[in-house]
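Input: a single structure, listed below in structure tokens.
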Amino acid sequence: MILLVYSNQDTAGTNIARCILKRQVFTASNQTCHSRTVYTTNINQQLVTLVAITDEAVNAQNLPESFPNSSLIIFLSRHSSQSGKPTLSVHTPGNFAEAKLGGLADTLSVSPANAMHIALKALNQQKQQRNLCYEVSYECTHHGPSLNVPTMFVELGSTPTQWRDLHASDAVAQAVLEMIGSLNESSVPAVVGIGGPHYNQKFTKMALNNEAAFGHIVPKHAVSLLNIELLSQCIQKTAEKTSCVILDWKGIKSQDKPGLLSLLKETDLFVKKV
């Protein structure tokens, strides 16, 4: 079962969910979550469930207990940034250090690299077809929840202006539905990305060119936090078999490079610098 989740505290998530309900026929089920009706549909012979939660998505640590058959969890969410740049983004949740914004300390979610790759491409296609003045990008792994189920966020941002943009909300909704309908069609190798900024355009470009499907992305500021346990999580908590680690070499601090290379030698993965 694919689980679509949004918070009723989240304007963008709510708008995306409403657009999904306009585009796809869902049926009210007998199940409720947080006293709200749970809706279901079938897409490409897959059961898809849509649920609203009352808390913020980053705090949905116990959600899988209510939906134990989930094979993929997709959070429909707003994105916030100080720059305020209009953005359509995807990422996996998890924490490389303490849990400042939901989830568990030093614990990553399982990353659905291929699903995120398909979603990224679908968002980019919607941007082009609709002439949206939005940047499409991967984000690094950050914030909660930390789930043992393949989990991803699809976000619309970065200010209330974009959260209320129904044209962009519908673009995200269509991209999500297209992604669900073509989940088994990606054959791009899954990789771990390390280095660079929060929005890594090098990795985004590689994915859009079908060179790699990124799962966990470790940003520049978190490289110094890596140890063999966290690196192993990046590899093992990728839904697909990870083929290599790609380094944004210029996006890694000089003082962090020796320790990182030493850690990578402890894995059997191919390492590529870009």
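The values are calculated or read from the model by the stated rules, or taken from the named source; none is laboratory data. Here the structure is a predicted model, which means the values were calculated and not measured. Neighbour counts run over all protein chains shown; Cβ positions are idealised from the backbone, glycine included.
List of remarks:
- When THR32, THR40 are checked against the criterion of being assigned to a strand (DSSP E or B) and modelled with pLDDT under 95, THR32 stands alone in meeting it.
- Against the numbered list (1) under 19 Å from the mean Cα position of the chain (by Cα); (2) exposed (fewer than 15 other Cβ atoms within 10 Å of the Cβ); (3) touching a residue at least 12 places away in the same chain (Cβ under 8 Å); (4) closer than 20 Å to LEU108 by Cα, ASN210 comes up short only at (4).
- Of all residues in segment 213-242, those that are of a type outside the set (A, V, I, L, M, F, W, C) and surrounded by fewer than 17 Cβ atoms within 10 Å (Cβ to Cβ) total 7.
- Pair list, Cβ under 6 Å, 6 or more apart: segment 21-48 residue closer than 25 Å to ASN184 by Cβ, other residue part of a loop (DSSP other than H, G, I, E, B) and among the polar types (S, T, N, Q): THR41/GLN24
- Condition check for ILE252 on (1) more than 28 Å from ARG18 (Cβ to Cβ); (2) of a type in the set (A, V, I, L, M); (3) at pLDDT below 95: one failure, at (3).
- Residue count for segment 131-151, restricted to those that are under 16 Å from HIS198 (Cα atoms) and not small (Gly, Ala, Ser): 8
- Of the residues examined, THR87 is one that is surrounded by 22 or more Cβ atoms within 10 Å (Cβ to Cβ), in contact with a helix residue (DSSP H, G or I) (Cβ under 8 Å, 6 or more places away or on another chain), of a type in the set (Ser, Thr, Tyr) and in contact (Cβ under 8 Å) with a residue 12 or more places away in the chain.
- Annotation note: of SER66, SER71, SER7, the sole residue that is among the small types (Gly, Ala, Ser), buried (at least 21 other Cβ atoms within 10 Å of the Cβ) and closer than 29 Å to ALA105 by Cα is SER7.
- Residues of segment 219-239 satisfying the condition of being over 21 Å from SER83 (Cα atoms) and not in a helix (DSSP H, G or I): LEU226, ASN227, LYS237, THR238, ALA239
- Condition check for GLY215 on (1) in a strand (DSSP E or B); (2) more than 19 Å from the chain's Cα centre (by Cα): one failure, at (2).
- Scanning segment 27-45 for residues that are touching a helix residue (DSSP H, G or I) at 6+ places or on another chain (Cβ under 8 Å), of a type in the set (A, V, I, L, M, F, W, C) and farther than 17 Å from PHE75 by Cα gives a single hit, ILE43.
- Qualifying residue in segment 89-111 (condition: polar (S, T, N, Q), at pLDDT 95 or above and more than 19 Å from THR141 (Cα to Cα)): no
- Screening THR267 against (1) β-branched (Val, Ile, Thr); (2) closer than 22 Å to THR151 by Cα; (3) assigned to a loop (DSSP other than H, G, I, E, B) leaves a single unmet condition, (2).
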